[in-house]
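The values are calculated or read from the model by the stated rules, or taken from the named source; none is laboratory data. As the structure is a computational prediction, the values presented were derived from the model and not from experiment. Positions of Cβ are backbone-derived with ideal geometry, glycine not excepted, and every protein chain shown enters the neighbour counts.
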Amino acid sequence: MKITILCENQSSYENDKVCLAEWGFSAYIEVGNLNLLFDTGHTDVYKHNAEQLGVTLENTHFVVLSHNHCDHSGGIQHHNFKIKKKLIMHPEIMDKLPLNESEKIRNDFEIITSAKPLEFSKGIFYLGEIPRRNDFERGMFENDKMLDDSAIAIKTKMGVVVITGCSHAGICNICEYAKKIAGQKLYAVIGGLHLFEDDQKAVNGTIEYFKAEKPRLLYPMHCVDFPTLWNQKDINWRQNRN
């Protein structure tokens, strides 16, 4: 498996002359012979970075949107696919997008909607609606229950790999559901975890969860603030980066 981050809030020092950054998330996932574009950021930054990094987006087999927010779905309007791609998402997303955006998506893609877990390729799951099980994650954004917020789970020999966009449903809720659907222990978590220092209940609960689960790889990015990312003493977020 190869995962290339096409859009994130920062561009690394090594790539600062070729890659752009914006508030958003997009990842290109290659698993065997399948290529998956997960989220598209806010603008066409993901396309620019894909070109710079040697990723041929036309080879995409599936596009998946994690939820409706523009920093994850906005870039899809800038696609230049020559043929219709299969687009997987929660059925509520189309109703939440601006009309001009939803119409373009209907015209340009073969749409697959599901509120239930969907194994769209062997061992690769779109999780659908995430059950809210714990008492420390809000599981919503502002006044929106965010039923459309979902993630990808990929089975591997080492355990399940979870790729998430923003984790409005709660990253621990997502991981627990991914473990259940894949039938595997947690191996890797990559993407936006939606953790901020002004919500210490969620931060502390998440830290304790990952300390207990002990995933081999943990890559929090996008919607995780710097105090949470770097200054927590109870867990070293970077321990699995080496």
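Could you please find all residues in the range 12-31 being among the small types (Gly, Ala, Ser) and modelled with pLDDT of 95 or more? Lay out the reasoning, then the answer.
Initial filter on the range 12-31 (among the small types (Gly, Ala, Ser)): 12, 21, 24, 26-27.
Once the filter is applied, which keeps residues that are among the small types (Gly, Ala, Ser) and modelled with pLDDT of 95 or more, the range 12-31 yields 24, 26, 27.
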> Out of (1) in contact with a strand residue (DSSP E or B) (Cβ under 9 Å, 6 or more places away or on another chain); (2) farther than 30 Å from residue 145 by Cα; (3) not aromatic (Phe, Trp, Tyr), what's the single condition that is false for residue 80?
Replying inline: (1)
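Out of everything in the range 52-79 that is surrounded by fewer than 16 Cβ atoms within 10 Å (Cβ to Cβ) and at pLDDT 95 or above, what residue ends up being nearest to residue 5 (Cα to Cα)? Give the steps one after another, and end with the answer.
The first filter runs over the range 52-79 and keeps only residues surrounded by fewer than 16 Cβ atoms within 10 Å (Cβ to Cβ), leaving 52-54, 56, 58-59, 61, 78.
Then drop every residue that is not at pLDDT 95 or above, which leaves 56, 58-59, 61, 78.
Details: 56: 13, 58: 17, 59: 16, 61: 17, 78: 18 Å.
Checking each candidate, the answer is 56.
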>> Just to verify a result, which residue in the range 6-43, among those that are within 16 Å of residue 85 (Cβ to Cβ) and in contact with a helix residue (DSSP H, G or I) (Cβ under 6 Å, 6 or more places away or on another chain), is surrounded by the most Cβ atoms within 10 Å (Cβ to Cβ)?
In response: 39
> Filter the range 140-171 for residues that are within 24 Å of residue 23 (Cβ to Cβ) and either hydroxyl-bearing (Ser, Thr, Tyr) or in contact with a Lys or Arg (Cβ under 8 Å, 6 or more places away or on another chain) (or both); which is surrounded by the fewest Cβ atoms within 10 Å (Cβ to Cβ)?
Replying inline: 148
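Tell me, which residue of the range 174-206 that is in a strand (DSSP E or B) and in contact (Cβ under 8 Å) with a residue 40 or more places away in the chain is farthest from residue 156 (Cα to Cα)? Step through it out loud before you land on a result.
Within the range 174-206, the subset in a strand (DSSP E or B) is 186-192, 195.
Filter again for in contact (Cβ under 8 Å) with a residue 40 or more places away in the chain, leaving 190-192.
Working: 190: 15, 191: 18, 192: 21 Å.
Of everything passing the filter in the range 174-206, 192 is farthest from residue 156 (Cα to Cα).
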> Among the residues of the range 1-57, how many are of a type in the set (D, E, K, R) and under 19 Å from the mean Cα position of the chain (by Cα)?
Replying inline: 7
